[in-house]
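Let me begin by presenting the structure, written as structure tokens, before commenting on it.
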Amino acid sequence: MEQISIRKTTGDVFTHGMIELVIDPIHDGQLTRLFWKEEVATIAPRIKIDRKTESEFGEARQTFTYEPEDLKPTFLRAMRFPSRSVSFGSTQQLLDGICGVIKKFTNLGNDHASLAARTVLASWFVEATDCPVSLVLYGPACPQCERLFRILSCLYRRALFVGEINLASLCALPLAFSPSLFFEGCDHSPRIQKVIRATSTRGYIPSKGKLVTTRCATVIYSEEPLNGVIPDISAVEIPVMHTRVPLPPLNGDALQIIPDEFQPKLPMYRLVKCTHVLNSTFDAAPLTSKVNDLARSLATCVVDGPVQQANIVRLLRKKDDEVNGDWSWDLSVTVMEALLSLCNKHKQSVYVSEVANEANLILERRGEMFVMTARSVGYKLRVMGLAAGRMGSAGRGILLTREIQKRIHQMAWDSRLALQHRGENRCGDCWELKIEQDDEESRAQESDDIDVPGLIRDHPDPNDPF
């Protein structure tokens, strides 16, 4: 007995084959299917797959007919799909080609171009990796950033540019197609933070009575890095800046040549390597958990390249050090350091713009090239529980009452900032916390002489029934 079942799909992975979306250039650019089986690619609007099933009534054969999932014409025109698949050569050749295009049109350094190229490969395996990779391009508005942003949109899987967005409008996107979302001119408002967090997890969010998966690759252009702004988010971050090196024109013809060359190669890479990515056992053990997940997602997509995989660990080691040891990279802590400095100047109130100026001076001393805006500083103050209020025509600010100053000092100490406790402008709050810190260190030193094995004997395991 044969049963026929029709299924709508945006792409499927089977034990011995795959279905991938492609554009049919002959029939008005409609979606069609590329079926990969036994290393042979076949393009057809409908694909039939037979499966045998056993039941108490005997053996039955079930035929599944896979048809293209419906996609609104607006999204079909806005998203980029390949029209065919061709040989990509070797993994190294594909990576070298992507890196070459990025460096040619942006003059980006080798390490950053290499990281950007690896995020391109990772965008083609979002469902097969530990976490979807987020790429953040940060720095002042400049041709280098704009060029890199456009080039990546020619290479990422199903790139889709989005403007003003929140969680509700995110759910209105065709997320079942796993688009790569490109956010240009992204701010760090709580609304955007929720969207970015939603796209970087395996979870679901409710929408119109059903659960929607929001997991997808993202490319974000921002004036500031995300590190320290959005908790629990680990992203590849690439600084961009003005360059004096003459760059070749990146006009409409060039933007068409790039996808024409690489869009057919990248789906073939996905078809050939998907099983290897799914079964990868790579582990970036030298890195900590958050950065380890990011490194593993990048490395597992670089198949048949152990040297390239090891190189990813090297490229992300600096980020690992920032996440774990260098609190100065946390912009929230930078704002706290600026507040502490203003408190120690015995000011009775501060405007948000003053805090932003002080924070930017701190960043400038560290050699950072980006600038914090008063708006982004205001968001961070609100998260700290120090919401600014209207203070006349000059803008919003904070009254530095004794209670507020003590709270700022306590948060600064909790954030491991150096407190001012000597000199002519010695701060009383800093001095009190320093005395408390010295007392704690003394007690900790005394505890080194305690007979720890004796304590264990006198206080047995509470779970021990005897």
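The values are calculated or read from the model by the stated rules, or taken from the named source; none is laboratory data. These numbers come from a predicted model, not from an experiment. With ideal geometry, Cβ positions are generated from the backbone for all residues, glycine too; neighbour counts draw on all protein chains shown.
Pairs under 8 Å by beta carbon, first residue without any contact (Cβ under 8 Å) to a residue 40 or more places away in the chain in the range 63-85, partner of a type in the set (Lys, Arg) and assigned to a helix (DSSP H, G or I), six or more apart or different chains?
Final answer for the pair search is none.
Is it the case, given these coordinates, that residue 392 is modelled with pLDDT of 60 or more and under 27 Å from residue 186 (Cα atoms)?
Numbers: modelled with pLDDT of 60 or more: yes; under 27 Å from residue 186 (Cα atoms): no.
For residue 392, the condition - modelled with pLDDT of 60 or more and under 27 Å from residue 186 (Cα atoms) - is not met.
Any idea how many residues of the range 346-386 are crowded, with 18+ Cβ neighbours inside 10 Å, in a loop (DSSP other than H, G, I, E, B) and aliphatic (A, V, I, L, M)?
So the count comes out to 2.
Considering each residue of the range 133-144, count those that are buried (at least 23 other Cβ atoms within 10 Å of the Cβ) and of a type outside the set (Gly, Ala, Ser), and give that number. If you could, list the steps in order and put the result at the bottom.
The first filter runs over the range 133-144 and keeps only residues buried (at least 23 other Cβ atoms within 10 Å of the Cβ), leaving 133-137.
Filter once more, keeping what is of a type outside the set (Gly, Ala, Ser): 133, 135-137.
Of the residues in the range 133-144, 4 are buried (at least 23 other Cβ atoms within 10 Å of the Cβ) and of a type outside the set (Gly, Ala, Ser).
Only one of these conditions is not met by residue 151: (1) out of contact with any strand residue (DSSP E or B) (no Cβ under 6 Å at 6 or more places or on another chain); (2) farther than 30 Å from residue 43 by Cβ. Which number is it?
All conditions are met except number (2).
Looking at (1) surrounded by 19 or more Cβ atoms within 10 Å (Cβ to Cβ); (2) modelled with pLDDT under 85, which one does residue 206 not meet, given that it meets all the others?
Here residue 206 meets the rest and fails (1).
Going by the conditions given, is residue 128 of a type outside the set (Val, Ile, Thr), surrounded by fewer than 22 Cβ atoms within 10 Å (Cβ to Cβ) and touching a Leu at 6+ places or on another chain (Cβ under 7 Å)?
Values: of a type outside the set (Val, Ile, Thr): yes; surrounded by fewer than 22 Cβ atoms within 10 Å (Cβ to Cβ): yes; touching a Leu at 6+ places or on another chain (Cβ under 7 Å): yes.
Spelling it out, residue 128 is indeed of a type outside the set (Val, Ile, Thr), surrounded by fewer than 22 Cβ atoms within 10 Å (Cβ to Cβ) and touching a Leu at 6+ places or on another chain (Cβ under 7 Å).
So for the range 414-431 (the condition being out of contact with any Pro (no Cβ under 8 Å at 6 or more places or on another chain) and either modelled with pLDDT of 85 or more or not assigned by TED's automatic domain parsing to the domain that holds residue 338 (or both)), does at least one residue qualify?
Within the range 414-431, the first condition is being out of contact with any Pro (no Cβ under 8 Å at 6 or more places or on another chain), and the residues that meet it are 414-431.
Now restrict to residues that are either modelled with pLDDT of 85 or more or not assigned by TED's automatic domain parsing to the domain that holds residue 338 (or both): none.
Looking through the range 414-431, none of the residues is out of contact with any Pro (no Cβ under 8 Å at 6 or more places or on another chain) and either modelled with pLDDT of 85 or more or not assigned by TED's automatic domain parsing to the domain that holds residue 338 (or both).
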